[in-house]
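The values are calculated or read from the model by the stated rules, or taken from the named source; none is laboratory data. Source: prediction; values computed, not measured. Note that we place each Cβ from the backbone using ideal geometry, even for glycine, and neighbour counts take in every protein chain shown.
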Amino acid sequence: MKVVLLEPYGYCVGVERAIKIALDTKSVNQNKRVIILGMLVHNEDAINELTSQGIETLYQKDKSLMDLVDEIPSDSIVILTAHGHSEDLEKKLISRKIEFIDATCPFVKATFKRILEAANDNHDILYIGKKNHPESNAALSISKKVHLVDIENPSFEVEDSKPLIINQTTFSQREVNDVTNAIKTKYKDAEVFPSVCKASTDRQNAILSLDNKIELFYVVGGTNSNNTKTLAKLAKESHPHAKVILIKNRNDINKKDLLGLSYVAIASGASTPKHISEEVKTYIESLYN
Ligand code: SF4
């Protein structure tokens with residue numbers, strides 16, 4: 001059986017940077033609680049690895065990050081995640097005199113900077129994003145002039161004839177293009193700020209460049225990871241004859257799915273640890289080669 005592990009795999013630069021910030025902070029503050037506010041990455045294996053290093057994660061699906069701040073002891077050090085956050089969150093941490101470190105990914109920050117510039121120039125911003133995703137929430141908090149265009153159910157209506165079109169960094173370029181083109185038919189003078197990050201684009205291109213003989217894709221990543229789900233969707237669209245299965249790690253592999261196959265590809269999300277993807281490859285090879 002031919003088993004291809006698509007490159008790049010392992011953490012993207014933004015996730016790697018955020019994890020390094022958390023680990024470095026803990027290593028020089030052994031006697032303090034280091035708390036990640038929200039999911040640093042949407043990957044359970046990665047979170048478990050951080051927990052084993054003494055780094056806590058404070059996250060509750062039904063509670064906002066603002067409310068969770070109330071539960072943090074003031075002598076802790078808080079790490080803010082790669083997805084970005086609202087200015088109000090920083091203000092609340094400051095008012096509670098809690099030390100915090102901003103681990104927002106530089107690619108995400110670049111989109112927030114452009115949004116702020118456009119808002120200051122009095123333009124509306126049409127933000128193509130996923131409802132309730134932390135990156136979208138952070139973008140929407142920048143200004144009342146930012147309007148969410150839900151990628152799953154796009155609708156848009158602004159007064160500005162030259163709005164800025166910008167998007168969440170982890171979508172597929174195809175999805176973004178579809179919504180952008182629809183907006184452009186109504187707002188011909190809209191400015192487009194390309195914002196799918198390189199880490200996402202490289203992973204998407206690796207899938208698109210695979211030949212049509214591929215029979216099965218395993219897409220490795222967290223069930224809540226937007227970029228992982230985007231890769232699975234893209235694999236389905238671009239290789240309709242192939243089976244696409246989203247797995248967290250090798251334990252999710254059902255041997256029956258591999259029976260009779262000769263060509264399998266493994267794609268992995270930007271928040272999937274390198275060794276998890278490598279273990280998937282080694283495991284499949286050990287079964288069939
Ligand atoms: S997926 Fe892209 S935007 Fe998100 S953390 Fe990684 S590099 Fe940054």
Exercise for the section: Could you check, for region 75-82, whether at least one of its residues is within 21 Å of Val280 (Cβ to Cβ), within 14 Å of the ligand (Cβ to nearest atom) and touching a helix residue (DSSP H, G or I) at 6+ places or on another chain (Cβ under 6 Å)? Expected result: no
Practice task
All but one of (1) in contact (Cβ under 8 Å) with a residue 24 or more places away in the chain; (2) under 30 Å from Glu285 (Cβ atoms); (3) surrounded by fewer than 18 Cβ atoms within 10 Å (Cβ to Cβ) hold for Gln30, so report the exception by its number.
Solution key: (2)
Exercise for the section: Among residues belonging to region 141-153 that are touching a Leu at 6+ places or on another chain (Cβ under 9 Å) and farther than 18 Å from Asp121 by Cβ, point out the one that is surrounded by the fewest Cβ atoms within 10 Å (Cβ to Cβ). Expected result: Ser141
Problem - Single condition Tyr11 does not satisfy, out of (1) under 30 Å from Asp257 (Cα atoms); (2) surrounded by fewer than 23 Cβ atoms within 10 Å (Cβ to Cβ) - result: (2)
Exercise for the section: Could you tell me whether region 61-69 includes any residue that is more than 23 Å from Phe112 (Cβ to Cβ) and surrounded by 15 or more Cβ atoms within 10 Å (Cβ to Cβ)? Expected result: no
Handout entry: Given (1) within 16 Å of the chain's Cα centre (by Cα); (2) more than 16 Å from the ligand (Cβ to nearest atom), number of the condition Asn43 does not satisfy
Key = (2)
Fill in the blank from the handout: Residue hits (region 251-271; of a type in the set (D, E, K, R) and either over 16 Å from Thr282 (Cα atoms) or free of Cβ contacts under 8 Å to residues at least 24 places away in the same chain (or both)) are Asp252, Lys256, Asp257
Exercise for the section: Test Ser136 against the criterion of being within 16 Å of the ligand (Cβ to nearest atom), modelled with pLDDT of 95 or more, in the same structural domain as Val176 (by TED's automatic domain parsing) and of a type outside the set (Lys, Arg), and give yes or no. Expected result: yes
Practice task
State which residue is farthest from Val264 (Cα to Cα) when the search covers only region 182-200 and only residues that are within 16 Å of the ligand (Cβ to nearest atom) and surrounded by 15 or more Cβ atoms within 10 Å (Cβ to Cβ).
Solution key: Phe193
Practice task
Say whether the condition of being surrounded by fewer than 23 Cβ atoms within 10 Å (Cβ to Cβ), more than 16 Å from the ligand (Cβ to nearest atom), more than 19 Å from Ile35 (Cα to Cα) and at pLDDT 95 or above is met by at least one residue in region 109-116.
Solution key: yes
Completion exercise
Ala138: passes all of (1) surrounded by 15 or more Cβ atoms within 10 Å (Cβ to Cβ); (2) in a loop (DSSP other than H, G, I, E, B) but (2)
Practice task
Kindly list the number of the only condition in (1) closer than 30 Å to Ala18 by Cβ; (2) at pLDDT 95 or above; (3) touching a strand residue (DSSP E or B) at 6+ places or on another chain (Cβ under 7 Å); (4) among the hydroxyl-bearing types (Ser, Thr, Tyr) that fails for Thr272.
Solution key: (2)
